[in-house]
Amino acid sequence: MSDRQVVVKELGPADIGRWDGFVERCPNATFFHRAGWKRVLEESFGHRTYFLYAERGGQLVGVLPLAQVKSRLFGNALTAMAFCVQGGPATEDAAAKAALDRRALELADRLDVDHLEYRSETATQTGQDGWLVKSDLYVAFRRALEADPEKNLTAIPRKQRAEVRKGLEMGLDCAVEDAADNIWAIYAESVRNLGTPVFARRYFRALKAEFGDACECLVLRKDGRIVSGVLSFYFRDQVLPYYGGGSHAARGLRANELMYYDIMRRASTRGVKLFDFGRSKLGTGAYAFKKNWGFKPVPLNYEYKLRRGDRLPDVNPLNPKYRLMIETWKRLPLPVANTIGPWVARSLG
């Protein structure tokens, strides 16, 4: 089909239902393509979003959610999709993708950004003039779930399975809650300990309010005190633990080990087929932790169309130039980190 038959438009309130209907049925769409992210990012961070869709004969044939993150600290980028693991073009055919690509490039020029970025598992811009790909930074971890929770436990490698069994013996209470505030609090403590600024509390609240039952908050307590928690997304037949953390006590209690197994257990009982452990950076503790569960890493391909300079952006904790900042952040009192962290984190899209 000729791409001249394709018309590109921007998402409006009346289009949300059919946008999400397309995302639900499009094989290469993800949870991060859902229309709700537009409101979440705008209300939580104040960023401008441009959710583009391709239409042919009145029918949606492709979507491309974009957000502009502009800051003095980290530059000016147009990203599909900011604050998300994935979000590049999701289309039915090449003509729809070509039309969305053109509009995205025009938008990047009009906004005068430093670069346009697509986040996908599969590189889609290979051979396209001026596009560069980074495939050696992030990986995804996924594994099929069995309907029987016990089979999911025995599928975990022996050493890691022993850690889960220790967690089962620690007397921890695991409960799903409606409020996201408890997840935010334990996440804030965890990322401060890693030297990373925390997102604003309102972001977690917005995620829960926007996505409802598709956004689940699991909290683990010991003697009434929260020791770990995770916010997970459900999409089709998949579960994706996305924002999780634990206190200093969590390690000795094997709370994180139990937490992720409990997600598997709960998900399998509701018919979920795939456990998506999310992305991790190569060479990090999170990467090693997930490999210990028997998950095999799958490279994520992040593609860039540079408008300034000739080097790929490198805003990540492994960059040596951020080492001092990270070590300093680890030493901040938690109330201080939680006060100034959201101001920094809103630029880390």
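The values are calculated or read from the model by the stated rules, or taken from the named source; none is laboratory data. Keep in mind that what you see is a predicted model, and the values were worked out from it rather than measured. All Cβ positions, even for glycine, are placed from backbone atoms using ideal geometry, and neighbour counts span all protein chains on display.
Among the criteria (1) assigned to a helix (DSSP H, G or I); (2) in contact with a Gly (Cβ under 8 Å, 6 or more places away or on another chain); (3) within 25 Å of LEU11 (Cβ to Cβ), the one GLN160 does not fulfil is (3).
Screening ASN28 with (1) surrounded by 14 or more Cβ atoms within 10 Å (Cβ to Cβ); (2) under 28 Å from ARG201 (Cβ atoms) gives one miss only, at (2).
Does LEU116 satisfy the criteria of being farther than 29 Å from ILE263 by Cβ, modelled with pLDDT of 90 or more, within 25 Å of the chain's Cα centre (by Cα) and in a strand (DSSP E or B)? Against the criterion (farther than 29 Å from ILE263 by Cβ, modelled with pLDDT of 90 or more, within 25 Å of the chain's Cα centre (by Cα) and in a strand (DSSP E or B)), LEU116 qualifies. For the range 167-205, residues that are on the phi > 0 side of the Ramachandran plot and charged (D, E, K, R) total 0. Evaluating SER71 against the criteria (1) crowded, with 20+ Cβ neighbours inside 10 Å; (2) under 22 Å from the mean Cα position of the chain (by Cα) leaves one unmet condition, (1).
When the criteria are applied in full, ASN152 fails the requirement of being surrounded by fewer than 17 Cβ atoms within 10 Å (Cβ to Cβ) and either within 25 Å of VAL336 (Cβ to Cβ) or among the polar types (S, T, N, Q) (or both). Within the range 168-182, identify whether any single residue is over 30 Å from THR328 (Cα atoms), touching a Gly at 6+ places or on another chain (Cβ under 8 Å), among the aliphatic types (A, V, I, L, M) and not assigned by TED's automatic domain parsing to the domain that holds LYS97, and answer yes or no. No - not one qualifying residue is present in the range 168-182. In summary, helices (runs of 4 or more DSSP H) completely within the range 254-349 and bearing 2 or more residues that are modelled with pLDDT of 90 or more occur at 255-269, 334-345. Filtered by the rule that a residue be among the aliphatic types (A, V, I, L, M), more than 30 Å from LEU306 (Cα to Cα) and in a loop (DSSP other than H, G, I, E, B), the range 129-153 gives LEU145, ALA147. Is it the case, given these coordinates, that LEU240 is among the aliphatic types (A, V, I, L, M), outside the structural domain of ILE16 (by TED's automatic domain parsing), within 21 Å of ASN256 (Cα to Cα) and out of contact with any Leu (no Cβ under 8 Å at 6 or more places or on another chain)? It is true that LEU240 is among the aliphatic types (A, V, I, L, M), outside the structural domain of ILE16 (by TED's automatic domain parsing), within 21 Å of ASN256 (Cα to Cα) and out of contact with any Leu (no Cβ under 8 Å at 6 or more places or on another chain). Is it the case, given these coordinates, that ALA108 is at pLDDT 85 or above, among the hydrophobic types (A, V, I, L, M, F, W, C) and either farther than 13 Å from GLU303 by Cβ or surrounded by 18 or more Cβ atoms within 10 Å (Cβ to Cβ) (or both)? Here the answer is yes, as ALA108 does meet what is asked. Number of residues in the range 100-118 that are touching a helix residue (DSSP H, G or I) at 6+ places or on another chain (Cβ under 8 Å) and closer than 19 Å to PRO27 by Cβ: the value is 0.
Within the range 166-207, the residues that satisfy the criterion of being assigned to a strand (DSSP E or B) and either buried (at least 17 other Cβ atoms within 10 Å of the Cβ) or not acidic (Asp, Glu) (or both) are CYS174, ALA175, VAL176.
Return the residues of the range 1-25 that are crowded, with 21+ Cβ neighbours inside 10 Å and modelled with pLDDT under 95; say none if nothing qualifies. Within the range 1-25, just VAL6 meets the criteria. Flag not set for GLY57, criterion: closer than 22 Å to ARG25 by Cβ, buried (at least 22 other Cβ atoms within 10 Å of the Cβ) and touching a residue at least 24 places away in the same chain (Cβ under 8 Å). Restricting the search to helices (runs of 4 or more DSSP H) fully inside the range 3-113 and requiring at least 3 residues that are out of contact with any Cys (no Cβ under 7 Å at 6 or more places or on another chain), farther than 27 Å from GLY341 by Cα and not assigned by TED's automatic domain parsing to the domain that holds LYS208 gives 16-25, 94-111.
The listed residues are ALA95, ALA82, and the only one of them that is modelled with pLDDT of 90 or more, small (Gly, Ala, Ser), touching a helix residue (DSSP H, G or I) at 6+ places or on another chain (Cβ under 7 Å) and surrounded by fewer than 22 Cβ atoms within 10 Å (Cβ to Cβ) turns out to be ALA95.
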